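What follows is a set of notes on a single structure, which appears directly below.
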Amino acid sequence: MKAKVNEGCIACGMCVSLCPEVFRFNDEGLAEAYTDITEETRETAEEARESCPVSVIDLN
Ligand code: SF4
């Protein structure tokens, strides 16, 4: 399973704080998914997607 942060991230930090195993801030200060989602991180990654205030996280 992969995560993707689409255009429109407002850098609120929610996904990075909820699921740092998958999301981090890039050099531009925007969130990015830097690794694949595993069984262990699936639940928190889904929580991050649901918590994103601008709904720019895709999981598939
Ligand atoms: S939760 Fe959404 S808006 Fe906030 S940092 Fe993550 S991708 Fe960006």
Looking at region 30-52, is at least one residue of a type outside the set (Ser, Thr, Tyr) and at positive phi? no
What's the total number of residues in region 6-52 that are in contact (Cβ under 8 Å) with a residue 40 or more places away in the chain, in contact with a Ser or Thr (Cβ under 8 Å, 6 or more places away or on another chain) and in a loop (DSSP other than H, G, I, E, B)? 0
Residue within region 35-47 that is exposed (fewer than 13 other Cβ atoms within 10 Å of the Cβ) and within 11 Å of the ligand (Cβ to nearest atom) present: no
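The numbers here are math on the coordinates, done by the rules we state, and not lab data. From a predicted model like this one, the values you see are computed outputs, not experimental measurements. Ideal geometry is used to build each Cβ from the backbone, glycine not excepted, and the neighbour counts take in all protein chains shown.
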